[in-house]
């Protein structure tokens with residue numbers, strides 16, 4: 001039996017069982033290629049009355065999905081370096097920083113949800129509360145949690161299954177593991193998501209007269225994370241661009257313009273030029289634009305990492321410089 005330790009869920013204080021050495025177990029099951037691609041810190045939490053058979057079945061299922069993911073990730077990363085848009089050295093350095101940026105918590109409980117055993121009362125406020133979790137507006141069983149920890153606030157990416165539902169291995173483990181490995185989710189973006197993310201991006205940018213406000217900065221930096229996941233997984237959306245969070249060509253151009261202004265050496269200007277020439281919607285499996293987006297995101301994301309635990313978006317000058 002895999003070793004389980006008595007623990008508590010950090011963002012609720014609820015008793016749970018924690019799998020000791022969860023990452024090492026997943027690497028063993030997924031193969032040695034997973035060592036440099038899986039998140040550096042993985043925690044798997046269970047109900048206190050979980051059975052050994054349930055632990056075994058769940059762990060094997062998670063590992064099977066991750067093995068499929070890793071095969072796709074590896075192929076996509078090779079495609080990126082083969083394109084010449086980013087060097088192997090740049091990519092390795094970015095991946096090393098990204099997979100260590102955020103602990104990934106996988107919570108398996110009988111009822112599902114981010115707060116098993118208690119109702120979810122919408123988004124918490126990390127400025128006023130010592131612990132809590134902010135759910136994603138599109139998938140309320142995924143979110144970013146925070147809690148008091150020695151040395152400061154602890155923050156983690158949290159994944160569960162839908163309340164009363166079954167695990168969707170592609171969305172719950174596939175998509176979220178890609179976030180944990182390549183696209184850390186800033187706490188501030190989740191704090192603002194429910195209120196400030198509903199307006200079409202191009203309209204929101206135009207309404208400010210081309211000036212940044214905290215919602216635009218939050219949306220732009222959050223989209224870097226989502227686009228990173230779309231690239232490494234080849235996730236095709238059914239909207240006008242084929243990309244997450246960008247409804248049409250105007251949104252795509254607005255995002256590239258803002259991302260270039262915030263992180264001018266990342267390469268979002270190249271992506272915009274290529275996108276205008278290629279036309280929308282983009283195919284995420286191939287084509288010059290999606291590769292340029294991938295390269296730009298890998299250059300940009302490490303600049304965001306130092307700020308992902310912040311409760312408010314950074315000012316433009318606070319973003320770390322991007323290497324050319």
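The values are calculated or read from the model by the stated rules, or taken from the named source; none is laboratory data. Worth saying up front: this structure is predicted, and the values here are computed from it rather than measured. Quick reminder, even Gly has a Cβ in these numbers, built from the backbone with ideal geometry, and neighbours come from all protein chains shown.
Numerical summary
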item: Failed criterion for residue 11 (all others in (1) over 17 Å from residue 228 (Cα atoms); (2) surrounded by fewer than 18 Cβ atoms within 10 Å (Cβ to Cβ) hold); result: (2)
item: Among (1) over 25 Å from residue 37 (Cα atoms); (2) at pLDDT below 95, the one test that residue 187 misses; result: (1)
item: Test for residue 322: is it surrounded by fewer than 24 Cβ atoms within 10 Å (Cβ to Cβ), in contact (Cβ under 8 Å) with a residue 40 or more places away in the chain, over 22 Å from residue 216 (Cβ atoms) and not assigned by TED's automatic domain parsing to the domain that holds residue 102; result: no
item: Test: residue in the range 150-157 that is in contact (Cβ under 8 Å) with a residue 12 or more places away in the chain, surrounded by 17 or more Cβ atoms within 10 Å (Cβ to Cβ), within 17 Å of the chain's Cα centre (by Cα) and under 20 Å from residue 297 (Cβ atoms); result: yes
item: Extreme residue, nearest to residue 318 (Cα to Cα), among residues of the range 262-290 that are at pLDDT 95 or above and surrounded by fewer than 17 Cβ atoms within 10 Å (Cβ to Cβ); result: 273
item: Scope the range 15-32; condition more than 14 Å from residue 2 (Cβ to Cβ) and buried (at least 18 other Cβ atoms within 10 Å of the Cβ); matching residues; result: 16, 30
item: Residue ranges of strands (runs of 3 or more DSSP E) in the range 1-103 with at least 1 members touching a helix residue (DSSP H, G or I) at 6+ places or on another chain (Cβ under 9 Å) and closer than 30 Å to residue 291 by Cβ; result: 42-46
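The rows are residues; the columns are (1) crowded, with 21+ Cβ neighbours inside 10 Å; (2) touching a strand residue (DSSP E or B) at 6+ places or on another chain (Cβ under 6 Å).
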| site | (1), (2) |
| --- | --- |
| 55 | no, no |
| 58 | no, yes |
| 75 | no, no |
| 81 | no, no |
| 88 | no, no |
| 94 | yes, no |
| 104 | yes, yes |
| 107 | yes, yes |
